[in-house]
Amino acid sequence: MNFKDLGLSGPILRAITFENYNKPTPIQISVIPKFLNNDDIIGIAQTGTGKTAAFVLPILERLIKKNTKNIEKKFPVLILVPTRELAMQIVDKISIYGKIIRPKTVLVVGGAKPGPQIKSLKKGADIVVATPGRLLDHVQSKVAILSETNTIILDEADQMLDLGFMPSIKSIISNLPKDKQSILLSATMPKSVRMLADSFLKNPQEINVAPAATPIELIDQRVFLVKREAKIKFIQDIFNNHNIYKSIIFVRTKIGANKLAFKLNKLGIKVDAIHGDKSQSQRNRTLKNFRISKLNILIATDIAARGIDIEDISHIINYDMPNDSEIYVHRIGRTARAGKNGMAISLCEISEKKKLQSIENLINYSLNATVLNISDNLVLDKIKQNINFKNKTNDININKKSKSIKKKSTAKLFNKKAKKRFAKKRKKKKSEEVQNFSPKNNNKIFSDEDKKTNNNKTVFKKKNRNRLLKNRFKKGRKEFNLDSSFSGKF
């Protein structure tokens, strides 16, 4: 199937051909005809599958047939997205695919001066691409009027809800006409997104081309189990020992991004950081330098896990493991785009092992972490790829076996529930002993000396038992020392 078979006409087909897009992706094949048929749609697809073109191309097809002029402060199409970077990316795609028809597109995002946005909206527009917070400000101040908006697209809906945009989205939807067409696109479908879809979509056509969040198989994934203080040293190894064309280093926090950027620049590795505390002009400048290869290493928080679409990123480095296992899939999805190969390197510390296990559970195979001591060098060329995609089922079985062994050996013997259970048993035993040895039950009168010896025995038993329990508890709480304790197995 080609783009012509999907119902797209000449001007758009010429723009697509100029960009060397030959065949549509599965999400595009499913979404475009239903979009043109005016159906409400729920689309679920992983990152890098062509979701943007799936809704931009039919929008442009409709605009070709549009006869009316733009009305002041009004626009027929609204695209809501979670981040400024993603909004700018969509505006760029609209200008690429619509280079022949030239639609009027207005970008409405926070972190930028509202004056130019107000000026552009006053003249009306064909398409508005916006983040929910700033658009709601313009709606409430009556700079933007939604009464003529007949198509709304929510892109990356799950991330929008994670960032707390639900109240703003509901307010925006309440201002839209009832007979609108609604399209909701998301990488995952948690309950909160499903509830949102049910609240404003009418008999939607559901399209699911990625039932589980799975990373693209062109990505070579490497995981190293390291100490926290050794991470900087291993980052140096990666850039000093290998030819890395373009890479993103992901960290969890904004402060962490700034600190890492400062340390690496001090060590002679040129980097820049991008996160939510940076101004829009700073973020634009950093991304532009990264796109044109003036800057080859970018440090980012998860704001960039979905908002950056740059085809030639060769390496993704997880300096911090993500809190949410699905974020891992989005992070590494920044590489191996447009059919190219890529590599994802994760530096996992001991305290992050549970996060690694949850990632393995999500993607359904073992990442086979390699233990690295501070004295070791991180050399990627000598290590084979950790994942055998052809034998995923074998990997799953091996992983399950190792997990069951691990549970038996490392189970916590003295958690709160266990303590309560043992305490009840001890009380029961004591009461039984008292009953058995009391004069009433045994018809026996004990002398003072007998009582003393019995008391001494019970005291000795208690002390001995407590000492044994303490020793066993201490053994369970021994800390790992990577340099001395590990033998290279995880």
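For the reader, a short list of remarks on this structure follows.
- If you go through the range 45-66 and keep only what is within 17 Å of S9 (Cβ to Cβ) and either assigned to a loop (DSSP other than H, G, I, E, B) or over 32 Å from the mean Cα position of the chain (by Cα) (or both), you end up with E61, R62, L63, I64, K65, K66.
- Meets criteria (farther than 24 Å from V91 by Cβ and either surrounded by fewer than 23 Cβ atoms within 10 Å (Cβ to Cβ) or in contact with a His (Cβ under 8 Å, 6 or more places away or on another chain) (or both)) for E311: no
- The listed residues are I42, I32, and the only one of them that is surrounded by 21 or more Cβ atoms within 10 Å (Cβ to Cβ), assigned to a strand (DSSP E or B), modelled with pLDDT of 90 or more and in the same structural domain as Q159 (by TED's automatic domain parsing) turns out to be I42.
- If only residues of the range 266-299 that are within 20 Å of L107 (Cβ to Cβ) and among the hydroxyl-bearing types (S, T, Y) are counted, the one that is farthest from the chain's Cα centre (by Cα) is S281.
- Within the range 320-334, the residues that satisfy the criterion of being touching a strand residue (DSSP E or B) at 6+ places or on another chain (Cβ under 8 Å) and closer than 24 Å to A230 by Cβ are D320, M321, P322, Y328, R331, I332.
- Complete set of residues in the range 27-51 that are among the polar types (S, T, N, Q) and within 14 Å of V77 (Cβ to Cβ): N38
- When the residues of the range 240-270 are filtered to those that are assigned to a helix (DSSP H, G or I) and touching a strand residue (DSSP E or B) at 6+ places or on another chain (Cβ under 7 Å), the one that is surrounded by the most Cβ atoms within 10 Å (Cβ to Cβ) is A257.
- The number of residues in the range 338-348 being surrounded by fewer than 19 Cβ atoms within 10 Å (Cβ to Cβ) and either of a type in the set (D, E, K, R) or touching a residue at least 40 places away in the same chain (Cβ under 8 Å) (or both) comes to 3.
- Tally, over the range 164-178, of residues that are part of a loop (DSSP other than H, G, I, E, B), surrounded by fewer than 17 Cβ atoms within 10 Å (Cβ to Cβ) and under 26 Å from the mean Cα position of the chain (by Cα): 1
- Restricting the range 287-298 to residues that are surrounded by 20 or more Cβ atoms within 10 Å (Cβ to Cβ) and at pLDDT 90 or above, the residue that is farthest from Y319 (Cα to Cα): F290
- A single entry from A273, A304 fulfils the requirement of being within 30 Å of S351 (Cα to Cα) and at pLDDT below 85: A304.
- Listed conditions (1) touching a residue at least 24 places away in the same chain (Cβ under 8 Å); (2) assigned to a helix (DSSP H, G or I) are all met by A273, apart from (2).
- Restricting attention to the range 182-211, the residues that are more than 18 Å from P82 (Cα to Cα), part of a helix (DSSP H, G or I) and in contact with a strand residue (DSSP E or B) (Cβ under 7 Å, 6 or more places away or on another chain) add up to 1.
- Tallying residues that are of a type in the set (G, A, S), surrounded by 14 or more Cβ atoms within 10 Å (Cβ to Cβ) and within 30 Å of the chain's Cα centre (by Cα) within the range 67-125 yields 4.
- Residue match in the range 56-63 (condition: aliphatic (A, V, I, L, M), over 24 Å from I332 (Cβ atoms), in contact with an Asp or Glu (Cβ under 6 Å, 6 or more places away or on another chain) and surrounded by 21 or more Cβ atoms within 10 Å (Cβ to Cβ)): no
The values are calculated or read from the model by the stated rules, or taken from the named source; none is laboratory data. Since we're looking at a predicted model, the values are computed, not measured. Counting neighbours? That spans all protein chains shown, and the Cβs are built from the backbone with ideal geometry, glycine included.
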